[in-house]
1. Per the Kirkwood treatment, what hydrodynamic radius in Å, one decimal, follows for the range 451-595 from the mean inverse distance over all distinct Cα pairs?
2. Could you give log10 I(q)/I(0) at q = 0.07, 0.09, 0.10 Å⁻¹ for the chain, computed by the Debye formula over C-alpha point scatterers of equal weight, without solvent?
3. Over the Cα atoms, compute the radius of gyration (one decimal) and Dmax (the largest Cα-Cα distance, rounded to a whole number) for the range 46-188, in Å.
4. For the chain, what does the relative contact order come out to in percent, with C-alpha contacts under 8 Å and a separation of six or more?
5. Could you give the DSSP H helices of the chain that reach 15 angstrom or more along their long axis (alpha carbon positions) and whose average Kyte-Doolittle hydropathy is no lower than -0.5?
6. Principal axis extents for the range 457-501, Cα atoms only, whole Å, descending order, please.
7. Return the inverse of the average 1/r over all pairs of distinct C-alpha atoms in the range 394-478, which is the Kirkwood hydrodynamic radius, in Å to one decimal.
8. Considering the zone a paramagnetic label at THR72 would reach in this model (a point 7 Å from Cα along the Cα-to-Cβ line), which residues of the range 224-263 have amide N under 16 Å from it?
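Bear in mind these aren't lab numbers, they're just calculated from the coordinates by the rules spelled out. Given the structure is predicted, the values throughout are model-derived calculations rather than measurements. Neighbour counts are summed over all protein chains in view; Cβ atoms, including those assigned to glycine, are modelled from backbone coordinates with ideal geometry.
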Amino acid sequence: MTYRAPVADIAFTLKHGAGLGRMIEDGSLGDLDADLLGAVVTEAGRFASDVLAPLNRPGDRQGAAFKDGAVTMPPGWKEAYRSWAAAGWNALVAPTQWGGQGLPHAINSACIEMWSSASMAFSLGPLLTNAAVEALRAHGCDELKKTYLPKLVSGEWMGTMEMTEPQAGSDVGALRTKAERVPDGTYRLSGQKIFITYGEHDLTDNIIHFVLARLPDSPPGTKGLSFFLVPKFLINADGSLGERNDLRAHSIEHKLGIHASPTCTMVYGDHGGAKAFLIGEENRGMACMFTMMNLARLAVGLQGVGVAERATQEALAYARERRQGRPAGSSEPAPIIVYPDVKRMLLSMRALTRAARAICYSTAVLNDRAHRAKNEETRRQARERAALLTPIAKAFSSDVGIEVASLGIQVHGGMGYIEETGAAQHLRDARIAAIYEGTNGIQALDLVARKVPLADGTTVQAYIEDLRRTVAVVNAANDPTFGSTGARLSEALDHLDRTTLWLLKQLAKDPDTALAGATPYLRLFSAAAGGCLLADEALAASRQPEGDSGDGAGRIALARFFAENIAVQAPGLAASVTDGAGALDGAPFTAAMQH
Ligand SMILES: Cc1cc2nc3c(=O)[nH]c(=O)nc-3n(C[C@H](O)[C@H](O)[C@H](O)COP(=O)(O)OP(=O)(O)OC[C@H]3O[C@@H](n4cnc5c(N)ncnc54)[C@H](O)[C@@H]3O)c2cc1C
């Protein structure tokens, strides 16, 4: 079954659940109105469904091919990429000054979800290029911006993000790629990077590498890293492509999924060093990389949402068709969708997908607010809240991608496990999203160690208070179709609140015990926030006129399912954070792992 972009759902969540509607109303988005938002989402949905989705299976089967240093993309990919870029999709968010359309990040996020549903392997190159554009725009000098931004924005060239080396994965500060100063103000790079996404390919004529490297006299660790732009082909004074730079792809990886996304080992400096241009200041490379990574982390969360959406659509269609067993009183085999366990799987898939979407889009709207709100205090608050939610958007949504893709296989039974239905590909593809852009374990540490303590804990407390306001409205609605949504969400928030306070104290007393609970805390946070965002959407939908795409009854049922089946995990998760670390410690851990 092919993918159909859920454009009405997406536009609804953008406008209501994520709060883009409020930004339109308060004028912080200039001329942008709901009609334009709807038109962009609809057109993107059409492109994703009609042009990109058909590339997904052949891309998986054939994969990217490596020969003599060159990577050939699967048949049809180059044409699809070029028509995608020509249609302006790469340029949605970039400033108009550089040829972009200046649209909000939130709209681009909706598009990234749809590109990812259509083909996760396709979406990955452009999302990294987008993140590179933002880093160059924010930190680059005028000359670099003039030379590189227009073509990176249009998609004529693509960008990469290069941190990882064999000894430096999560520990970025251990990287060794060497940068040496050259008297003309440029640098020479030598070393090796591994696992570089779209490090080499034939989609574009030039590839611009964004590389972290270390100067010989720099301090150790992350404080000694600098950020460089390294083009595959150097650029002549007239803007044409010049000499080939001293870098090459040595090989590509054979991997579990995203077969059409070339994952390259890159070698710099076979002939004395690749010519490189510094972005920002020496030894301040991590600040540039964080600009790039924050956008890329949200985008990887959106990949999880995208795969989950497609897996849900396919499982639902299969469950309606596949007939097995006879329900009591019937002589005919029934479609499996009538069975409660199958219904539970399908509802879990849809509820998790929608909750992850709401969290990701809310984070994107906060990024927009952080840039565009009219007063500095609102911008500051939005910046801090976006920082708080980014690791949650990345880790929860990428976990959801995996869980939902796995449930999708389960709904298909044996047909899901064999490759024929495509359900297996979703799980293989989704698996990487919990690993790259900082593993989900590292996201959880970031949440607990850096984001929860932001502004002395007031950022997280203010967010929890806002979530409580939604619960109060659910309770006040006194609508029996909500079931015990209000009560369950209220309990989940109480657990989140108490656990947050416990963590803040524990971080000061015994940081190791606090960090031991980081992963269940992130899940607890997601369960509480996701449930409240779904309830908020349900309230908004129930206020819409009859028959509106908001679908009040459906959204209430989904919010209820989430609250009564997923948010109820909060007490267990909270106990795991506060009391579950005992066996991780020295002697018990050693004893448990001995044999
Ligand atoms: C398909 C693919 C594409 C990729 N694309 C890119 C790319 O374009 N650019 C790029 O630079 N990199 C890329 N990567 C690399 C990716 O970002 C790393 O694999 C990832 O950051 C994890 O690093 P690692 O593999 O070395 O794992 P490790 O760092 O060795 O981690 C192994 C495990 O230990 C845990 N762990 C590690 N350190 C800690 C700690 N301090 N505390 C708690 N737990 C810890 C991790 O969470 C993980 O579970 C890609 C990888 C793959 C597989």
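1. 16.4 Å
2. Debye curve over Cα of the chain, log10 I(q)/I(0) at q = 0.07, 0.09, 0.10 Å⁻¹: -0.42, -0.71, -0.88.
3. Just the Cα atoms of the range 46-188 yield Rg and Dmax of 17.2, 52 Å.
4. Here the relative contact order equals 13 percent.
5. 34-47, 105-118, 120-139, 285-321, 340-372, 376-412, 458-477, 485-509, 518-542, 552-565
6. So the extents along the principal axes, rounded to whole Å, are 36, 15, 9.
7. For the range 394-478, inverting the mean 1/r across all distinct Cα pairs yields 15.7 Å.
8. 252, 260, 262
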